[in-house]
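Single-structure report; data block below.
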Amino acid sequence: MFLRFLDKFEETLISLLMIAAVLIIFVAVTQRYSVSLLADMVAWARSHDYPQLSAMLRSAYRSVVSVNMLWAQELCIYLFVWMAKFGAAYGVRTGIHVGVDVLVNAVSPGKRKVLIVISLLGGALFTALVAWIGGSFVYGISQTAQVSADLEVPVWIVYLAVPAGSALMCFRFLQALYAFL
């Protein structure tokens, strides 16, 4: 029951992060190109002596340029960091995480099993250490009033992706080891 909930949560979180990032990037890029397009259209209307069209386009230009999307790039970077950390855990769970298996495939089946166990334990140990160190870092930074540049959210929320994603990845390595054995 808990594993099904965790699997669904992981997939839903990754999907929502991707959707949010794509939508934010789309709106920001559309807004940026709309500003230049409207500026060109205003210049064209002036040069061809269309005062009503020029006034209407200037009004549209002022409306579009007043939308502040400076925060979009920072938010998308943070969304991609969270997506990458939880996506790596998803990759371990589904068996699609990057791995070098040249040595594993070159040895006999008996030694192959030992190498796979060592690899999974190594992955679990490494991600556990990253989660521990990341957690210590997040705790330390949470004791400060540091905020991000554009969004002005506490940076510990952004950095929380490292220990949370690494802990989930460690769990997924141990889950894969259990299934393998």
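Worth pointing out:
- Per residue accessible area in Å² of the chain, where ligands, DNA and RNA are left out and the probe is 1.4 Å: 66
- Dividing the helix sum by the residues of the chain, where each DSSP H run of 4 or more adds -39500 (n - 2.57), gives a mean residue ellipticity at 222 nm of -28500 deg cm²/dmol.
- Paramagnetic reach from Ala179 (point 7 Å along Cα→Cβ, amide N under 13 Å) across region 3-18: 3-4, 7-8
- With the simple model of a label 7 Å out from the Cα in the direction of the Cβ, Met1 to Leu151 spans 3.4 nm.
- Model label points for Glu11 and Phe26, set 7 angstrom from Cα along the Cα-to-Cβ axis, are 2.3 nm apart.
- Shape category assigned to region 109-175 from the gyration tensor of Cα positions, a/c cut at 1.5: prolate
- Each of Phe126 and Gln143 was given a label point 7 Å from its Cα along the Cα-to-Cβ line. The distance between the two points is 3.0 nm.
- The alpha carbon radius of gyration of region 1-67, expressed as a multiple of 2.2 N^0.38 Å, is 1.94.
- Taking only protein heavy atoms and a 1.4 Å probe, the accessible area of the chain is 71% carbon and sulfur.
- The local environment of Thr127, defined by Cβ-Cβ distances under 11 Å, has a net charge of +2 under the rule Lys, Arg +1 and Asp, Glu -1.
- Candidate aspartates and glutamates for bridging to Lys111, where Cα separation is under 15 Å - those fewer than 8 sequence places away on the same chain excluded: Asp101
- GNM flexibility winner over the chain from Val107, Val130, Val117 (Cα, springs under 10 Å): Val107
- Averaging over all projection directions, the Cα-based convex hull of the chain occupies 15.7 nm² in the image plane.
The values are calculated or read from the model by the stated rules, or taken from the named source; none is laboratory data. The structure presented is a predicted model; accordingly, all values stated were derived computationally and were not measured. Positions of Cβ are backbone-derived with ideal geometry, glycine not excepted, and every protein chain shown enters the neighbour counts. Accessible surface areas use protein heavy atoms only, side chains included; no ligands, DNA or RNA. Shrake-Rupley method; radii C 1.70, N 1.55, O 1.52, S 1.80 Å.
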